[in-house]
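K.L.:
Encoded as structure tokens, here's the structure I'll be asking about.
Every number here is computed from the coordinates shown, using simple stated rules; none is lab data. In this text, all values refer to a predicted model and were calculated from it rather than measured experimentally. Using ideal geometry, Cβ is built from the backbone for each residue, glycine included, and neighbour counts are taken over all protein chains shown.
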């Protein structure tokens, strides 16, 4: 049988009612049933017997006399895209690539797998903070966000230093161990969505083409894609000679002086606090710790987790329409500065707002640096202005600052 005809029969049968969208959703059956199954069924495509993995063999259900085929294996043969919606508990099939615009910073597991299969020499897959989880086969890994961090500027405290950036020459050396060049497309993933977001933001500052794996390692595993051997760049030799040619720091990062300027020009700027409601309300300092409770005056609070699909460890973003609704209050045409406690949550939020077309910056020092300015004992040059532009600020004590 002709392959295209075979495809047409299958697709026509399961997609006839939904060809306008190019996708079909199959509800996962969670009801326990017992059936007699017969294995050993052979499937032929264009006269060639299809080889299936041992754990994905076709079978016949005796009482219905129907043959059942493994979804992913058949989808790969037919050129279909497979996914899984954890919230709706549905497997998804699509005749086209999932709805990720060409200029998006996000990529699906199936799209990444297809790119890796093509063998593009400019593709580098980089994981971070995987802990004991097996990574994506063939990827490089960064053990922790500290690998790309160092002490910061003259007013950086011990607690804020952890999320400050290395100088360019050190970043170039670290990334050369993953074979990154100025022409690379880097796909980032991990188990900690904050760290992945921060890594993506850092690499974008360095002028790299960066994509965020939407769904993360959880989504990769749910799509039943290969996991296994990775290369820890902390132990790897340099395999390229990466040199930054398009340093975008001024386009994406803003310091405390820039934050003060924005607060003095509210017609041009709006401030977004990506922390939790309790942090924004001055009830807690947050997991990283700071010497003061409180918030930057007039900032809009949108907790970074609200942009994620529940139950996905914050690795899967909501659809674009929902994201625009969530961030509607700050998408008003003004430039946006995002802050959190010390960078990672703000960086993840930056990626989303940039994707939505906003002119957006990260205040990398966050509330930790702002708290340092609030403390009169630190003789910070912006102490008085930090006091003027703070709300609900109360001293948390040395214990709050040491909590990092």
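K.L.:
Subtract the Cα-Cα distance of residue 257 and residue 328 from 0.36 nm times their separation in residues, and report this length gain in nm to one decimal.
P.N.:
On the way: separation 71, 0.36 × 71 = 25.56 nm, distance 2.67 nm.
Contour length minus the Cα-Cα distance gives 22.9 nm.
K.L.:
Also: Using alpha-carbon pairs under 8 Å, 6+ residues apart, how would you state the relative contact order of the range 106-247 in percent? If you can, show how the numbers build up before the last one.
P.N.:
Details: 272 pairs, mean separation 51.3, N = 142.
Answer for the range 106-247 is 36 percent.
K.L.:
Also: By per-residue mean of other Cβ atoms within 10 Å, what is the highest-first order of 211-217, 41-47, 302-308?
P.N.:
Values: 211-217: 24.4, 41-47: 11.4, 302-308: 18.9.
Result, highest mean Cβ count within 10 Å first: 211-217, 302-308, 41-47.
K.L.:
Still on this structure, please answer the following. Please identify which residues in the range 248-277 have an amide N closer than 12 Å to a label point set 7 Å out from the Cα of residue 301, following the Cα→Cβ vector.
P.N.:
In the range 248-277, the label zone of residue 301 (backbone N under 12 Å from the point 7 Å along Cα→Cβ) covers 273-277.
K.L.:
Relative contact order of the range 177-219, please, whole-number percent, based on alpha carbon pairs below 8 angstrom and at least 6 residues apart.
P.N.:
On the way: 46 pairs, mean separation 20.1, N = 43.
That works out to 47 percent.
K.L.:
What percent does the relative contact order of the range 223-297 come to when contacts are Cα pairs within less than 8 Å and at least six residues apart?
P.N.:
On the way: 27 pairs, mean separation 10.3, N = 75.
Relative contact order comes out at 14 percent.
K.L.:
Multiply the residue gap between residue 181 and residue 120 by 0.36 nm, knock off their C-alpha separation, and tell me the result in nm, one decimal place.
P.N.:
The residue 181-residue 120 span can extend by a further 20.6 nm.
K.L.:
For an R0 of 41 angstrom, estimate the FRET efficiency from the Cβ-Cβ distance between residue 247 and residue 45 and round to the nearest 0.05.
P.N.:
Details: r = 51 Å, r/R0 = 1.24.
E(calc), rounded to 0.05, equals 0.20.
K.L.:
Starting with the fewest neighbours, write out 350, 367 ranked by other beta-carbon atoms found within 10 Å of each beta-carbon. Write down the numbers at each step before the final one.
P.N.:
Working: 350 28, 367 32.
Going from sparsest to densest Cβ surroundings: 350, 367.
K.L.:
What ranking, highest mean first, results for peptides 277-283, 237-243 when packing means the other Cβ atoms within 10 Å averaged over each residue? It would help to have the intermediate numbers written out before the result.
P.N.:
Values: 277-283: 16.7, 237-243: 13.7.
Ranked by mean Cβ neighbours within 10 Å, highest first: 277-283, 237-243.
K.L.:
Just order 186-195, 353-362 by mean Cβ neighbour count inside 10 Å, highest at the front, would you? List each step's numbers first, then the result.
P.N.:
Numbers: 186-195: 24.1, 353-362: 19.4.
The most tightly packed comes first, giving 186-195, 353-362.
K.L.:
If you average the alpha carbon positions of the range 379-397 and of the range 228-287, how far apart do those two centres end up, in angstrom?
P.N.:
Their Cα centres are 21 Å away from one another.
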